[in-house]
Amino acid sequence: MTGVAEVVDGVTTTLLCGASLGGETRECCEALLRAGADDGREVLWVTYTRPPADCLASVPDDVSVRGVLAVGDAPHWETSIDGVDVEVVATPGDITALGIKLSRFLSGGDDDLTVCFDSVTAMCQYVEPETAYGFLHTIAVQLYAADATAHFHIDPAAHDASTVDLFASLCDAVVNVGDDGDDDPAVRTRPVLD
């Protein structure tokens, strides 16, 4: 899976298409999180589906974490875990609050940042796909300005092809995990303009 990180090296946004609970999807995510760790790149989790402690447990040991932005009202979510800042957006459909908190994380550190957004599929349970698209478009612009990178999880089995294509249009690369029975994910990139 480390080859995926090499293929998408230099792109800002990647759509990670794979089963939400799939082991191959998680392996690919971890490879993307690890990319740039040697250069001091930090990780920010945005999670709709996993408790912050689970997110932090899956971060490779050699990767430093800027924070976790947890979406949804879960009483067991702490505001700090092992010294890592955890912010909560209690109402999953409140993308304004999510955008404000995410912007703070993007501008809140000196090191480069990798964002794991888990997941677009979960977000679309609370807002229309077109609304999610507009939000993620705005976030993509902020990522470019902050010299940050991000990968956005989506479960293609939960959406029709046109919805997946809509979100793919936001991204510099699309990684399809396990869609052809092969061990290696299929990666499609578009040229990056300087």
Next item on the list: Please work out how much length the chain gains when fully extended from Arg190 to Glu128, using 0.36 nm per residue of separation minus the C-alpha to C-alpha distance, in nm with one decimal.
Entry: 19.7 nm
Item checked: Fraction of antiparallel bridges per DSSP, region 14-94 only, in percent to nearest 5 -> 15
Notebook entry, point to check: Looking at Ser20, Phe105, Ile95, which one has the Cα that reaches farthest to the positive end of the dipole of the chain (charges on Cβ: Lys, Arg +1; Asp, Glu -1)?
Noted result: Ile95
Notebook entry, point to check: About its Cα centre, what dipole magnitude does the chain give when the only charges are +1 on Lys and Arg Cβ and -1 on Asp and Glu Cβ, stated in debye to the nearest 20?
Noted result: 560
Item checked: Viscosity 0.692 mPa s, 37 °C: Kirkwood-radius Stokes-Einstein D of region 2-189 over Cα pairs, µm²/s -> 201
Note to self: How much length would be gained if the chain were fully extended between Glu27 and Ser162, taking 0.36 nm per residue of separation minus their Cα-Cα distance, in nm to one decimal?
What the structure shows: 46.0 nm
Next item on the list: Take the alpha-carbon positions of region 81-194, form their convex hull, and give its projected area averaged over all directions (one quarter of the hull surface) in nm².
Entry: 8.9
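Each reported figure results from applying straightforward, stated rules to the coordinates on display, with no laboratory input. Fair warning: this is a prediction, and the values are worked out from it, not measured in the lab. Glycine also receives a Cβ, built like all others from the backbone with ideal geometry; neighbour counts cover every protein chain displayed.
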